[in-house]
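Colleague: Here it is, the structure in full.
Computed from the coordinates by the stated procedures, all read-outs in this text should not be read as laboratory data. Because the structure is predicted, anything quoted here is derived from the model rather than measured. Heads up, the Cβs are rebuilt from the backbone with ideal geometry, glycines too, and the neighbour counts pull from every protein chain shown.
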Amino acid sequence: MHPSAEPRIPEFPDVEAAAERIRFAVRQTPVVHSATLDQALGCTLVAKCENLQVTGSFKFRGATHAVARLRSAGRDADVATHSSGNHGAALALAARNDGRQAFVVMPDNAVPDKVDAVRRHGGQVIFCAPGQAAREAGLEALVADGRIPVPPYDHPDIICGQGTAALELLTQTPDLDILMAPVGGGGLISGSAIVARHLRPDLTILAAEPAGAADTAASFQRGERVTHWQADTIADGLRALVGALPFRIIRQRLDDVLPVSEAAILEGMDLVQAHLQMTIEPSSATVIAAILEHAERFAGRRIGVIFSGGNVDTRRFPPESV
């Protein structure tokens with residue numbers, strides 16, 4: 001995948017094409033609703049369950065699409081990326097399905113369950129120090145050895161793949177007032193915004209983000225991308241800085257980015273478990289946290305959210321506690 005200084009922003013037909021390329025590999029995940037959860041939140045909530053996607057997160061969409069694009073271009077070398085876990089596992093499986101190896105640079109404080117998932121799906125893990133710079137340096141070394149880089153979020157092919165989740169959601173449940181997804185690197189929400197602005201120009205599009213990793217919210221307020229932030233949040237999947245290409249889309253097409261507290265994230269996980277009997281990871285729970293902490297923005301509205309993943313840290317959240 002060849003990076004460029006200013007890649008073209010994908011548009012809706014690109015996401016449609018991605019959906020066609022990956023339709024036999026990914027699951028069309030269900031949408032779920034609970035009247036009792038609606039009562040607890042003061043709004044109508046419809047959730048797209050990417051926690052039930054292959055490898056347990058939406059990341060399998062983008063990784064599968066990126067590998068498919070490499071195959072169609074005749075590029076069959078092994079692939080490499082950096083990841084806190086979900087993208088690494090997704091790329092490992094997508095690569096294995098395509099007959100190639102994935103090398104994944106992971107911070108040495110990554111959730112052990114997510115490290116295990118990368119290995120279980122056939123990926124080779126290379127540890128690095130925590131932080132964006134160390135992750136990117138590790139990836140550069142792998143690329144120098146001949147592997148093809150597949151970024152976790154900052155690439156059009158990834159964004160288009162991730163956008164297929166929102167394409168399904170708005171097909172399954174078109175009558176929404178608000179669409180909201182978590183934001184870390186920004187691949188999911190930027191792909192979702194491309195779809196939503198085309199299909200429903202009047203739809204309010206929001207992102208939810210931990211206050212301890214609120215670089216996207218800060219970037220959105222300033223109108224320019226923040227490039228340094230020391231993330232501190234339980235939502236390990238959202239610690240990355242927002243990517244340059246995703247932020248260009250976010251800046252143009254989102255209505256707001258809502259920071260949320262750690263306490264509200266934990267409460268969101270508990271509410272989903274109690275009312276939907278479903279385990280979601282902290283990153284997913286940011287969308288519930290946003291409704292809890294910004295209740296006036298959602299009262300009486302019909303909200304479509306994307307549960308981005310369900311790969312929890314079993315050291316912190318043992319099965320009997322979630």
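Colleague: Using the alpha-carbon centroid of each, what span in Å lies between the stretch 83-139 and the stretch 153-222?
Modeller: Between the Cα centre of the stretch 83-139 and that of the stretch 153-222, the gap is 24 Å.
Colleague: Next question, about the same structure. Measure nothing fancy, just the Cα-based angle from helix 132-144's long axis to the longest principal axis of the chain, in degrees from 0 to 90, nearest 10.
Modeller: 30
Colleague: Something else: If you line up the Cα atoms of the chain on their principal axes, what length do they span on each, largest first, in Å?
Modeller: Sorted largest first, the three principal extents are 54, 42, 39 Å.
Colleague: For the chain, build the charge dipole from Cβ charges (+1 Lys, Arg; -1 Asp, Glu) around the Cα centre, then report which of ILE194, PRO210, HIS65 sits farthest towards its positive end.
Modeller: Of the listed residues, the answer is HIS65.
Colleague: Additional query: Name the long-range amide H neighbours of GLN124: under 5 Å, sequence gap of 5 or more, or other chain; modelled H, no Pro or chain starts.
Modeller: The answer is ALA102, PHE103, VAL104.
Colleague: Ok, one more. Ordered by packing density, taken as the mean number of other Cβ atoms within 10 Å over each peptide's residues, highest first, how do 45-57, 271-283 rank?
Modeller: Taking the mean over residues of other Cβ atoms within 10 Å, the ranking is 45-57, 271-283.
Colleague: Averaging the inverse of every distinct alpha carbon separation and then flipping it gives the Kirkwood radius. What is it for the stretch 59-149, in angstrom units?
Modeller: So the Kirkwood estimate lands at 12.6 Å.
Colleague: How large is ³J(HN,Hα), in whole Hz, for each residue of the stretch 220-235 in order, when computed from phi with the Karplus curve 6.51 cos²θ - 1.76 cosθ + 1.60 and θ = phi - 60°, using x for Gly and Pro?
Modeller: 4, 5, 7, x, 8, 6, 6, 10, 9, 7, 8, 6, 9, 7, 5, 7
Colleague: Under the Karplus relation 6.51 cos²θ - 1.76 cosθ + 1.60, θ = phi - 60°, what is the ordered set of whole-Hz ³J(HN,Hα) values for the stretch 149-159, x standing for Gly and Pro?
Modeller: Going residue by residue, I get x, 10, x, x, 7, 8, 7, x, 5, 5, 4 Hz, with x marking Gly and Pro.
Colleague: How much net charge surrounds ILE178 when only the other residues with a Cβ under 12 Å from the Cβ of ILE178 are counted, with Lys and Arg +1 and Asp and Glu -1?
Modeller: -1
Colleague: Would you mind checking the tilt of helix 86-97 against the longest principal axis of the Cα atoms of the chain, expressed as 0 to 90 degrees and rounded to 10?
Modeller: That works out to roughly 50 degrees.
Colleague: Can you figure out the FRET efficiency of ASN97 with ARG316, using R₀ = 41 Å and their beta-carbon distance, to the nearest 0.05?
Modeller: Computed FRET efficiency for ASN97 and ARG316 comes out at 0.85.
Colleague: Roughly how big is the stretch 59-149's charge dipole about its Cα centre, with Cβ charges of +1 (Lys, Arg) and -1 (Asp, Glu), in debye to the nearest 20?
Modeller: The dipole magnitude comes to about 360 debye.
Colleague: On to the next question. Does a label point 7 Å from the Cα of ASN109, set along Cα-to-beta-carbon, have any residues of the stretch 192-211 with amide nitrogen under 19 Å, and which are they?
Modeller: Hits in the stretch 192-211 for ASN109 at 19 Å: 210-211.
Colleague: A follow-up question, please. Using a Förster distance of 30 angstrom, determine the FRET efficiency expected from the C-beta separation of PHE127 and ARG75, and round it to 0.05.
Modeller: 0.65
Colleague: Additional query: Could you pull out every residue, at least 5 positions away or on a different chain, whose amide H is within less than 5 Å of the one on VAL260? Hs are placed 1.01 Å off N in the peptide plane, and Pro or chain starts have none.
Modeller: Long-range HN contacts for VAL260: GLU209, ALA211.
Colleague: Report, in cubic angstrom per residue, the convex hull volume of the C-alpha atoms of the stretch 177-280.
Modeller: 98
Colleague: Then there's this: Could you work out how far helix 12-22 tilts from the main Cα principal axis of the chain, as a 0 to 90 degree angle to the nearest 10?
Modeller: 70
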